[in-house]
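To start, the structure under review is shown below, and the notes come after it.
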Amino acid sequence: MSDERPIGVFDSGVGGLTVFREVMRRVPDEKLIYFGDTARLPYGTKSRETIIGFARQIVRFLKTKDVKAIVVACNTASAYALDVIEAEEDIPFIGVVKPGAKVAAATTKNGRIGVIATSGTISSGMYGNYIHSIDPDLKVFGKECPLFVPLVEEGWLHDSVTREVASRYLNELKGEFIDTLILGCTHYPLIRRLIAEEMGEDVKLVNPAYETSMALRELLAERGLEASPREKPPKHEFYVSDAAERFLTFAKAVLSCDISSTGVVDIERY
Ligand code: DGL
């Protein structure tokens, strides 16, 4: 049995492309539909109620594309809205927080884990909750880094300003002697090198995207939702709520696949 329907992937902007990239690698026969909510970004400074409302609209839009599953490629939306949309909908969802927590708990040797993320993800406490459900003795140190998202969206991935901001944010975490650091926002893997240089080689960086794509692969197999093998790679579709050209340029740089256009969606209509 196979299921040729596409899989939805969404984020507030370009960050979810770091998850999309892993999903493309892990399930290469699956057609993907990406939505980046560029008109309403950032998510990380907004309330839980607002993020739940945004997530509901995006899910409604993706369902018009007949998706068979949805990857919430945004930590803030996974932390605030995943449980709500999962309970309301009849298709399966995969978020990024739980897979990220799992791999961090398995990675740490000294039991001290740092989490950098948006203000929303940090204040939700979700990483700590999942990590403590695996091992209550692990110590979790959260640090919100709100300026990283606009810097990444601006494309300042290797800029001295971004380095300076990273240095200020991460200095606090260095004093906690963590050996594992979760990149708890899907935008952050795009400045991974800079974060790694700042933290030093003794700190292992965890990007939840890999584990998330593995969890998706398992879910598709378990539920008999896998697409049949294809001869050519599927033609993925990309949608945003604003500034399509800007997104397209970024997406082409992050993904090595053929992207011919990006559609603009009036997401408030959904
Ligand atoms: N990339 C998202 C996350 O993983 C949201 C960033 C934002 O819009 O603040 O949290």
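Here the extension length gained between residue 88 and residue 157 equals 21.1 nm, from 0.36 nm per residue of separation less the Cα-Cα distance. Note on segment 1-64: Cα-Cα pairs beyond 19 Å make up 38% of the total pair count. Max-minus-min Cα coordinates of the chain on each principal axis give 50, 38, 38 Å, with the largest extent listed first. Sequence-ordered 3J(HN,Hα) estimates for segment 249-259 from the Karplus curve with 6.51, -1.76 and 1.60 and θ = phi - 60° stand at 4, 5, 4, 5, 6, 7, 10, 9, 9, 6, 10 Hz, glycine and proline given as x.
Couplings 3J(HN,Hα) for segment 173-188, derived from phi with the Karplus relation 6.51 cos²θ - 1.76 cosθ + 1.60 (θ = phi - 60°), are 6, 4, x, 9, 6, 6, 10, 9, 10, 7, 7, x, 8, 5, 6, 5 Hz, where x marks Gly and Pro. Probing with 1.4 Å while keeping every protein chain in the model, the per residue accessible area of segment 122-270 equals 54 Å². Binning the C-alpha pair distances of segment 1-128 at 5 Å intervals from 0 yields a P(r) profile of 2, 11, 21, 23, 20, 13, 7, 3, 1, 0 %, listed from the shortest bin outward.
Cross-link partners of residue 174 among lysines, defined as those whose alpha carbon lies under 17 angstrom from its own and excluding same-chain residues fewer than eight positions apart: 109, 139, 143, 204.
Here each label is just a point 7 Å from Cα along the line to Cβ, and for residue 270 and residue 174 those points are 4.3 nm apart. When all alpha carbon pairs of segment 229-270 are counted in 10 Å bins from zero, the resulting P(r) reads 27, 45, 23, 5 %.
Between 0 and 90 degrees, rounded to the nearest ten: what's the tilt of helix 48-63 against the longest Cα principal axis of the chain? Between helix and principal axis, roughly 30 degrees. Remark: the residue 232-residue 106 segment gains 41.7 nm on full extension, using 0.36 nm per residue and subtracting the alpha carbon distance. The share of accessible area on the chain that comes from carbon and sulfur is 49 percent, using a 1.4 angstrom probe. When segment 49-136 is described by a simple charge dipole with +1 on each Lys and Arg Cβ and -1 on each Asp and Glu Cβ, the residue from 50, 106, 125 located farthest towards its positive end is 106.
The values are calculated or read from the model by the stated rules, or taken from the named source; none is laboratory data. Since the model is a prediction, treat every value here as computed from it, not as a measurement. When we count neighbours, we look across all protein chains shown, and the Cβ atoms used for this are built from the backbone with ideal geometry, even at glycine. In case anyone asks, the SASA skips ligands and DNA or RNA and just uses the protein heavy atoms, side chains included. Shrake-Rupley method; radii C 1.70, N 1.55, O 1.52, S 1.80 Å.
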